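Notes follow the structure.
The values are calculated or read from the model by the stated rules, or taken from the named source; none is laboratory data. Note that the structure is a prediction, hence the values are computed from the model and not measured. All Cβ positions, glycine included, derive from the backbone under ideal geometry; neighbour counts span all protein chains shown.
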Amino acid sequence: MPELVETVALSKHYPGVKALDGVDFKLAAGEVHVLFGENGAGKSTLITLLAGANQPTSGQIIIEGREVTLHSVLDARRHGVSAVFQEFSLIPTLTVAENLFLGDEAGRHGFINRRALTTRARELLADLQFDLDPARRVSTLTRAEQQMVEIAKGFRSKLRVLILDEPTASLTDRETERLFTLIGRLKAEGAGIIYITHRMQEIARIGDRVTVLRDGRKIGTVDARTTSEDQLIEMMTGRTISEIYPKIASNPGDVLLEVEGLRSSAGVHDASITVRRGEIVGLAGLVGSGKSELMRAVFGIDRIVAGTVRFKGQDVTHASPDEMLKRGLFYLPPDRKAEGLVLPFTARSNIALPALRAKLKGMFGLISAGKHATLTRDAAQHVELADRNVGRSVAVLSGGNQQKVLFAKGLGINADLYVLDEPTVGVDVGTRSALYALIKRLCEGGAGVVLVSSDLPEVLHLSHRVYVTRRGSIAGERHGTDINEAALLGLFFDRERAAA
Amino acid sequence: MTEVTEGNSHNILKKLFLRMGVLPVLLVIALIVFSLMSNQFLKVDNLVNMVRQSVYLILVSLGQMLALVTGGFDLSVGTILAVTSVTSAMVMAHLFAGDPNAIWFAITVGCLAGVLAGGVVGIANGVGVAYLGVSPFIMTIGTQSVGFGIALLMTGGVPVSGLPGELSETLGFGRILGIPIPIILTAIIAIGFYILMTRTARGNYLLAVGGNAKAAALSGVNVRTTLLLAYVLCALVTAVSGLLLTARVESGESNIGGTMALESIAACVIGGVSLRGGIGRVENVVLGAIFIVLVQNGMNLSEVGSYAQMVVLGILLIVAVITDQIRHRMIAGGSGI
């Protein structure tokens with residue numbers, strides 16, 4: 001039986017980077033094949049090549065025994081390959097129906113037959129059991145609903161291969177179940193599914209085989225049901241679990257942060273948490289569940305509508321980021337390019353920025369060049385940022401080094417509480433373990449750490465205590481040995497089906 | 001071996017380009033061209049004269065730089081010159097006519113009134129951009145029209161005369177130790193700006209806000225007051241330029257600033273200020289302003305007509321912007337994909 005899709009020595013090179021390096025991959029009919037790996041491992045590159053969104057530098061793509069060249073997404077779709085990417089390809093100002101059949105409109109002589117379009121859209125959505133009105137404008141949909149439209153787009157023509165890139169990242173429990181049912185139906189019909197996920201639970205639930213990628217190379221293909229979580233992580237990172245995640249001593253001291261009944265302009269409500277010195281408190285939950293928004297309200301980015309925030313015993317409910325920094329709360333934003341770094345600045349100037357007023361003044365209130373040099377050098381050394389990178393523009397640094405600069409900004413002001421929002425997103429495993437070692441040092445040195453993360457293994461392995469957020473509120477709290485994947489995921493999802 | 005040295009010199013040129021922009025190249029070209037076209041050009045008298053002529057543009061360009069590094073610009077600098085000139089001249093002429101003996105009182109109060117008037121335009125710009133969220137383009141082109149209209153209404157378009165002669169004897173043509181007073185004043189202000197930009201938190205904040213306002217805010221920078229400061233300081237330094245020009249022409253003119261917005265932006269961009277904000281150096285801006293005046297002076301000596309000069313200035317601005325984009329791509333492009 002020929003494979004549905006096969007790649008032979010598939011490679012994609014960019015100047016100086018091998019995004020994909022000689023990957024042999026096989027997808028059989030009727031299987032869910034999970035792609036697993038860190039950010040930058042090559043998963044996305046592989047699927048963009050298979051979906052026709054990008055062309056390989058070398059190697060072959062074979063679909064049902066015939067070598068093909070995929071020039072475009074449309075081309076791939078003609079071969080029965082459809083992809084749902086994480087970044088939506090929806091036009092917000094058009095309706096659901098218009099989006100579903102964009103580039104494939106029914107009609108004649110360039111005129112759209114609106115009625116036919118709506119009918120087709122309604123049929124398609126009904127077939128998928130998606131509860132969506134085809135006439136609605138996409139900009140009015142929630143993220144999960146947009147994801148449903150995106151998935152429905154993949155189903156608009158006869159499907160042989162469906163590629164899903166972290167499709168459940170923003171779906172509720174019920175929507176996820178519906179997607180899994182659909183996947184089951186497709187499998188039964190003989191389609192193949194390539195599925196990217198970071199969630200162990202999903203791999204076990206729907207995966208048949210797992211191919212692990214690292215640094216653009218294929219590490220291996222294993223059976224999804226018989227391979228343990230730790231084995232997969234070790235394949236993914238090339239290190240043992242204990243090498244990546246340090247053992248961090250918990251030594252809870254004075255209460256640093258007390259949040260009570262917080263309600264914010266960004267949708268957080270009735271959230272109460274406590275953070276002490278010398279402990280790492282994890283905040284886990286789905287994207288949009290409020291874990292990030294909670295800490296952004298505490299730091300003064302989002303407006304607080306109700307509730308109180310006390311920091312080191314003082315009421316700081318409506319303090320600005322400026323004031324929170326002065327009081328010793330450092331917030332590390334999740335998107336380093338959008339919110340973290342001043343890109344035209346050197347690493348040195350970025351590190352010094354939060355410390356300028358408080359720590360670097362010398363004679364006549366002018367910035368002391370000596371203090372500036374000492375502080376930035378020390379902070380750079382602590383985060384293991386190489387000397388030659390300190391004077392370079394951060395725009396030219398790698399993601400890992402940029403993240404080190406962000407951490408160094410916090411070290412420079414010597415904060416009491418570090419709020420780290422997705423601290424290791426998009427960094428290589430070497431940098432990752434360096435940053436974890438740093439978090440260990442901060443915590444064991446007596447600072448408090450709040451770890452906001454969508455990377456569940458990170459939360460599981462580093463936190464002493466975990467709060468799980470759901471729908472803008474705290475769904476529960478777990479300590480010590482109660483921190484495990486099943487317990488946390490149980491809190492992630494609404495039990496709305498039981499209620500309904 | 002040769003390959004290595006070639007690579008090095010290429011790298012040095014590239015680094016110089018990334019740091020200084022296109023200015024050194026243009027400066028050399030201009031010097032060569034004009035000294036070939038006119039034998040007057042390289043004479044000491046002419047060079048000193050050029051520096052003296054440059055001070056007005058240097059001051060405005062320093063102000064413009066503040067707006068540019070925050071990621072905006074100030075198109076109302078011409079109006080600020082006009083408002084300052086007309087206000088200071090009217091106050092001075094009025095006081096001087098009322099009491100011809102109180103010369104210095106009239107000059108001092110007139111100058112303060114002029115700076116105040118210019119400052120008001122700056123506050124309007126700053127409040128509009130920083131607190132009301134109006135785009136710098138709309139805000140400053142709006143105040144440009146409003147201010148210019150008011151200056152014309154105040155004077156009916158006629159130059160304000162009757163100023164005390166002492167004004168031009170000092171701020172216009174005066175010298176201390178043989179150095180023209182406008183040059184001394186400009187040097188002091190330029191040094192002040194240099195200290196502001198390199199040695200104070202506030203100066204660093206101006207750059208940070210332009211480089212990434214969100215990151216700056218999360219690093220404890222008050223973005224609004226920083227933006228307000230940029231536009232107010234820009235207006236104040238432009239107002240000083242307006243006073244010097246008023247003293248030079250010995251009358252209050254509503255038409256003195258016509259091309260100043262264009263010229264000051266050109267001077268900044270040629271001096272390596274990024275139009276995207278976040279990058280700008282005082283010393284390069286001063287050189288950029290001198291370069292613009294040098295080109296104008298050279299064209300005058302080479303008998304290039306004023307219409308053709310407009311063409312050249314416009315082309316220079318566009319070339320500078322294109323080069324800025326290339327430079328930006330080279331700085332950002334180092335990160336690979």
**Asked** How many of the residues in the range B:66-93 are in contact with an Asp or Glu (Cβ under 7 Å, 6 or more places away or on another chain) and either surrounded by fewer than 24 Cβ atoms within 10 Å (Cβ to Cβ) or more than 14 Å from B:S241 (Cα to Cα) (or both)?
**Response** 1
**Message:** Can you confirm whether B:I265 is under 17 Å from the mean Cα position of the chain (by Cα), away from chain A (no Cβ under 11 Å) and under 15 Å from B:F73 (Cα atoms)?
**Reply:** yes
**Prompt:** Here is a list of conditions, (1) crowded, with 21+ Cβ neighbours inside 10 Å; (2) in contact with a strand residue (DSSP E or B) (Cβ under 9 Å, 6 or more places away or on another chain); (3) away from every other protein chain (no Cβ under 11 Å), and B:I181 meets all of them except one; can you say which number that is?
**Reply:** (1)
**Message:** Looking only at residues that are among the β-branched types (V, I, T) and part of a helix (DSSP H, G or I) in the range A:381-405, which one is farthest from the other protein chains (Cβ to nearest Cβ)?
**Reply:** A:V390
**Prompt:** Restricting attention to the range A:1-18, and to residues there that are farther than 18 Å from A:R209 by Cα and crowded, with 22+ Cβ neighbours inside 10 Å, which single residue is nearest to the other protein chains (Cβ to nearest Cβ)?
**Reply:** A:K12
**Request:** All but one of (1) over 22 Å from the mean Cα position of the chain (by Cα); (2) buried (at least 18 other Cβ atoms within 10 Å of the Cβ) hold for A:R225, so report the exception by its number.
**Result:** (2)
**Message:** Can you tell me which condition A:G261 does not meet? The list is (1) assigned to a loop (DSSP other than H, G, I, E, B); (2) in the same structural domain as A:L489 (by TED's automatic domain parsing), and all the others hold.
**Reply:** (1)
**Request:** Determine which member of the set A:K361, A:K337 is out of contact with any helix residue (DSSP H, G or I) (no Cβ under 7 Å at 6 or more places or on another chain), charged (D, E, K, R), closer than 26 Å to A:A41 by Cβ and at the interface with chain B (Cβ under 9 Å from one of its Cβ atoms).
**Result:** A:K337
**Item:** Residue satisfying all of: in the range B:275-294; within 14 Å of chain A (Cβ to nearest Cβ) and of a type outside the set (A, V, I, L, M); surrounded by the fewest Cβ atoms within 10 Å (Cβ to Cβ) among these
**Value:** B:R276
**Prompt:** Among A:A338, A:A358, A:A379, A:A373, which is surrounded by fewer than 22 Cβ atoms within 10 Å (Cβ to Cβ), closer than 16 Å to B:G220 by Cβ and of a type in the set (A, V, I, L, M)?
**Reply:** A:A358
**Request:** Being at negative phi, touching a residue at least 60 places away in the same chain (Cβ under 8 Å), surrounded by fewer than 19 Cβ atoms within 10 Å (Cβ to Cβ) and of a type outside the set (K, R) narrows it down to one of A:V452, A:V425, A:V429, so name that one.
**Result:** A:V425
**Prompt:** Would you say A:A408 is away from chain B (no Cβ under 13 Å), buried (at least 20 other Cβ atoms within 10 Å of the Cβ) and not hydroxyl-bearing (S, T, Y)?
**Reply:** no
**Message:** Condition first: assigned to a helix (DSSP H, G or I) and under 20 Å from A:G290 (Cβ atoms). Can you find one or more residues in the range A:433-456 that meet it?
**Reply:** yes
**Asked** Being at the interface with another protein chain (Cβ under 9 Å from one of its Cβ atoms) and under 26 Å from B:G192 (Cβ atoms), is that true of even one residue in the range A:372-380?
**Response** no
**Message:** Just to check your reading of the model, which residue among A:I244, A:I233 is farther than 28 Å from A:F330 by Cβ and surrounded by 15 or more Cβ atoms within 10 Å (Cβ to Cβ)?
**Reply:** A:I233
**Asked** How many residues are out of contact with any helix residue (DSSP H, G or I) (no Cβ under 7 Å at 6 or more places or on another chain), part of a strand (DSSP E or B) and away from every other protein chain (no Cβ under 14 Å) when one looks only at the range A:308-329?
**Response** 4
